[in-house]
1. Could you check the range 331-349 and list, in sequence order, the residues that are modelled with pLDDT under 80 and either more than 17 Å from residue 296 (Cα to Cα) or open to solvent by 10 Å² or more (accessible area, probe 1.4 Å) (or both)?
2. The conditions are (1) open to solvent by 30 Å² or more (accessible area, probe 1.4 Å); (2) in contact with a Phe, Trp or Tyr (Cβ under 7 Å, 6 or more places away or on another chain), and residue 273 fails exactly one of them. Which is it?
3. Which of the residues spanning the range 134-171 are closer than 18 Å to residue 192 by Cβ and outside any strand (DSSP E or B)?
4. Can you name every residue in the range 241-265 that is among the hydrophobic types (A, V, I, L, M, F, W, C) and surrounded by 18 or more Cβ atoms within 10 Å (Cβ to Cβ)?
5. Pick from 208, 228: which is open to solvent by less than 10 Å² (accessible area, probe 1.4 Å), of a type in the set (Val, Ile, Thr) and within 30 Å of residue 253 (Cβ to Cβ)?
6. Restricting to the range 185-202, count the residues that are outside any strand (DSSP E or B) and modelled with pLDDT under 95.
7. Can you tell me which of (1) open to solvent by 30 Å² or more (accessible area, probe 1.4 Å); (2) within 30 Å of residue 112 (Cβ to Cβ); (3) under 22 Å from the mean Cα position of the chain (by Cα) is the one residue 185 doesn't meet?
8. Would you check if residue 121 is more than 21 Å from residue 96 (Cβ to Cβ) and either outside any loop (DSSP other than H, G, I, E, B) or not basic (Lys, Arg) (or both)?
Amino acid sequence: MTKTFRQKISYGVTGIALACIASMLYSGCSGSGNGVSSTTTTTGGTTTTTGGSPGGGGDPTIVNYRLTGTIGTTGSTTLIGAAHAILTGGFLWVSDTRRHQVIVYNLDGTIKTIIGSGKTNATNGFDQPEGIAADASGNVYVSDSNDGDSSNNARVQKFSPDGSTFLQLYSTNGGTIGTLPGQLNDPENCAVGADGTVYVADQGNARVDAFTNAGAFIASISGTPAGVTQPLAPIDVALDGAENVYVVDYRNSRIFEYSKTGSFIKSIGTSGNGHGQLSHPLSETFDKSGNLWVYDAGNNRLEEFNAAGAYVEQVPIAHTDAAVDNEGYGFAIDASGKIYFVDKATGAVNVYSPPA
């Protein structure tokens with residue numbers, strides 16, 4: 001399947017920066033391109049594509065596009081370490097790991113709220129905030145990772161939908177790095193279930209911890225299935241419609257699905273650069289159809305998988321920071337299919353819209 005994307009808006013933190021870029025068409029290519037051409041054959045009504053490679057021309061499952069520029073990269077409040085973004089309650093939330101802030105935008109690009117004023121372990125403050133999630137009421141949860149930088153801030157903080165009010169902290173010891181149940185060590189991201197359960201991808205402790213919405217520890221999900229030799233490195237977590245837990249394992253280059261009680265269900269992807277393979281994936285999200293999208297950082301692309309875990313298609317991603325690191329490049333997909341992709345290097349959130 002080939003999709004056409006049109007870049008419309010980039011949001012950057014420059015006070016009140018907003019720009020509408022003249023329509024630039026991005027479309028799937030065929031015949032020739034950056035990679036090896038492919039051959040499509042049809043037998044008995046079944047179409048099979050062979051040859052080709054990620055980013056290559058002629059492959060109907062690859063959507064090629066050109067990122068021709070970014071905006072919002074100058075000024076005293078330019079994003080210098082943008083990590084993740086979500087859309088919720090009519091606001092765009094962006095975490096900046098190097099400014100130790102979370103910026104809340106109105107959808108016209110003006111800044112609604114800036115949470116944090118530099119590195120601090122006070123509530124409403126951060127030390128390298130990473131992942132962002134929202135619950136059904138629009139409350140927002142921020143993973144304050146600390147990334148091994150200090151002994152504090154290993155926690156998740158909950159805020160009101162507009163970011164103005166701190167509501168709850170998730171960590172059984174107030175945010176000090178620890179290894180006991182409910183203590184965190186480099187929480188990279190989080191997700192919230194329909195019942196309010198908060199799931200935290202704790203990379204430092206190689207597990208996903210679950211808390212009640214009031215902050216009480218419930219249980220941990222840890223371990224890898226048979227045949228996976230490296231310890232779990234959970235860098236993102238997401239929930240499907242059935243409340244199953246999907247964990248992005250950065251080290252093993254896979255997505256592991258567990259039940260909410262921690263039972264292993266299946267593995268998605270294998271290590272590599274082919275269709276459905278992954279190389280140091282960093283983030284994930286579900287679209288409105290229930291398909292899982294994964295940012296495959298080592299291969300510079302987004303990959304889409306269906307509910308059964310089968311590869312569907314990929315969208316190559318162009319960005320200027322070639323390094324693969326655990327600060328992450330988050331993205332979000334809204335109900336209309338727009339992709340909001342954070343480019344930490346350029347300090348912008350690039351928005352790609354499907355055709356009408």
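The values are calculated or read from the model by the stated rules, or taken from the named source; none is laboratory data. A quick note: this is a predicted structure, and the numbers were derived from the prediction, not measured. Glycine gets a Cβ as well: all are built from the backbone with ideal geometry, and neighbour counts include every protein chain shown. For the accessible areas, the whole protein counts, side chains as well, though only heavy atoms, and no ligand, DNA or RNA atoms are used. Shrake-Rupley method; radii C 1.70, N 1.55, O 1.52, S 1.80 Å.
1. Result: 336, 337, 338, 345, 346, 347, 348, 349.
2. (2)
3. Matches in the range 134-171: 135, 136, 137, 138, 139, 145, 160, 161, 162, 163, 165, 171.
4. 245, 247, 248, 255, 256, listed by residue number.
5. Being open to solvent by less than 10 Å² (accessible area, probe 1.4 Å), of a type in the set (Val, Ile, Thr) and within 30 Å of residue 253 (Cβ to Cβ) holds for just one of 208, 228, which is 208.
6. Applying the first criterion (outside any strand (DSSP E or B)) to the range 185-202 yields 185-186, 193-197.
Right, trim to modelled with pLDDT under 95 and you get 185-186.
So the answer is 2.
7. (2)
8. Against the criterion (more than 21 Å from residue 96 (Cβ to Cβ) and either outside any loop (DSSP other than H, G, I, E, B) or not basic (Lys, Arg) (or both)), residue 121 does not qualify.
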